[in-house]
1. Could you check the stretch 172-193 and list, in sequence order, the residues that are surrounded by fewer than 19 Cβ atoms within 10 Å (Cβ to Cβ) and farther than 20 Å from Val133 by Cα?
2. Kindly list, by first and then second residue, each pair from a residue in the stretch 205-222 that is without any contact (Cβ under 8 Å) to a residue 12 or more places away in the chain to a residue that is part of a loop (DSSP other than H, G, I, E, B), limited to pairs with Cβ atoms under 9 Å and residues at least 6 apart or on different chains.
3. Which condition breaks for Ile186 when tested against (1) closer than 12 Å to Phe145 by Cβ; (2) over 16 Å from the mean Cα position of the chain (by Cα)?
4. Residues that are under 24 Å from Thr99 (Cα atoms) and touching a strand residue (DSSP E or B) at 6+ places or on another chain (Cβ under 6 Å), at least 1 per element: which helices (runs of 4 or more DSSP H) completely within the stretch 1-61 meet that?
5. Just the residues that are farther than 18 Å from Gly128 by Cα and aromatic (Phe, Trp, Tyr), please, taken from the stretch 2-24.
6. Report yes if some residue within the stretch 156-170 is farther than 21 Å from Asn215 by Cα, of a type in the set (Gly, Ala, Ser) and modelled with pLDDT of 95 or more; otherwise report no.
7. Please give the helices (runs of 4 or more DSSP H) falling wholly within the stretch 91-202 in which 3 or more residues are within 22 Å of Lys81 (Cα to Cα) and within 13 Å of the ligand (Cβ to nearest atom).
8. Just checking, how many residues over the stretch 86-119 are crowded, with 20+ Cβ neighbours inside 10 Å and either of a type in the set (S, T, N, Q) or closer than 19 Å to Val62 by Cα (or both)?
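The values are calculated or read from the model by the stated rules, or taken from the named source; none is laboratory data. Keep in mind it's a predicted model, so treat the numbers as computed, not measured. Because the Cβ atoms are built from the backbone with ideal geometry, glycine has one as well, and the counts that use them run over all protein chains shown.
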Amino acid sequence: MENILERLAYCVENGKINKTSPYPPSMKDQDGADELARQALDEGIRPDEILENALIVAMANVGNRFSRKEIYVPQMLMAAKAMNSAMAHLKPFFQSGETKRKGKFIIGTVSGDLHDIGKNLVAMMIEGGGWEVIDLGVDVGAEKFLKALDDNPGALIGLSALLTTTMENMKKIVSAVKEKHPDSKILVGGAPVTMDYCSKIGADFYSPDPQGAVNYLRQLAS
Ligand code: B1M
């Protein structure tokens with residue numbers, strides 16, 4: 001019989017939120033990520049073990065399948081919802097400091113830009129990768145990023161831009177952050193962004209998809 005962490009990982013990967021959620025139809029009336037995460041904690045499994053051995057594994061599979069175009073945005077969003085329902089049980093342990101995370105990641109969509117679907121996917125994958133995510137939302141300018149960095153020294157930064165017109169603001173934010181914190185690491189992404197543009201504006205890394213972002217952070221943390 002599969003152990004509880006394997007079952008939890010399966011629920012997250014397949015977007016099964018809780019017992020009453022109808023998706024996916026093949027798992028109707030079965031426990032979902034919500035119930036299984038609670039049960040795993042009740043069985044005495046540590047929150048960091050649940051994160052490492054169920055949620056991170058599941059989200060890495062989701063990310064890789066998405067990169068290979070085997071699944072699409074709707075499946076990824078369902079996986080995100082399932083992960084969030086499990087994370088709701090784990091968060092109090094991480095927030096109390098009882099369980100450590102890999103580090104902090106500040107993310108936002110740059111000023112002038114209201115697109116947040118891709119940014120939210122990246123945030124969710126990075127959270128699933130074991131990081132604390134500080135999501136500043138959309139239309140975020142340099143000052144807000146700098147304030148968040150002051151409040152969370154050493155945090156990594158992620159910028160998302162979907163409009164060619166707002167890519168210029170990405171450049172302004174990178175310059176402002178690098179001027180004040182030359183050692184900071186900035187990851188950029190979004191449909192019009194390229195590796196070439198990333199190098200041109202002095203950011204540290206570009207990823208076309210959430211999994212690339214997770215891999216970059218993992219490599220920095222190791
Ligand atoms: Co807008 N929009 N939109 N829009 N919109 C686009 C981006 C556009 C390409 C549509 C088009 O004309 N074909 C076009 C941009 C053209 C350009 O600049 N080249 C456009 C435009 C012009 C506009 C408006 C100006 C329209 C108008 O009002 N005249 C306006 C701008 C508003 C503003 O931001 N100030 C606008 C508004 C909107 C809505 C509000 C209606 C809505 C956004 C809703 C929301 O986000 N909450 C919207 C939408 C939905 C889109 C499209 C249809 C879909 C974008 C999306 O969510 N894609 C888009 C056309 C399209 O892409 N087909 C379009 C799915 C998402 C998962 O992908 O965000 O690329 P994406 O994220 C990917 C990767 O890029 C990467 O990972 C994600 C998963 O793979 N990634 C990162 C993203 N961020 C990353 C960060 C990283 C790493 C990877 O590290 C930090």
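1. Passing the criteria: Lys172, Ser175, Ala176, Lys178, Glu179, Lys180, Pro182, Ala191, Pro192.
2. Pairs that qualify, where the first residue is without any contact (Cβ under 8 Å) to a residue 12 or more places away in the chain and the partner is part of a loop (DSSP other than H, G, I, E, B), are Asn215/Gly129; Asn215/Ser207.
3. Of the numbered conditions (1) closer than 12 Å to Phe145 by Cβ; (2) over 16 Å from the mean Cα position of the chain (by Cα), the odd one out for Ile186 is (2).
4. On the way: elements: 4-13, 33-42, 47-50.
Helices (runs of 4 or more DSSP H) meeting the threshold: none at all.
5. Selection gives Tyr23 alone.
6. Initial filter on the stretch 156-170 (farther than 21 Å from Asn215 by Cα): 162-170.
Adding the requirement that they be of a type in the set (Gly, Ala, Ser) leaves none.
For the stretch 156-170, residues farther than 21 Å from Asn215 by Cα, of a type in the set (Gly, Ala, Ser) and modelled with pLDDT of 95 or more: absent.
7. 117-128
8. Matching residues across the stretch 86-119 total 5.
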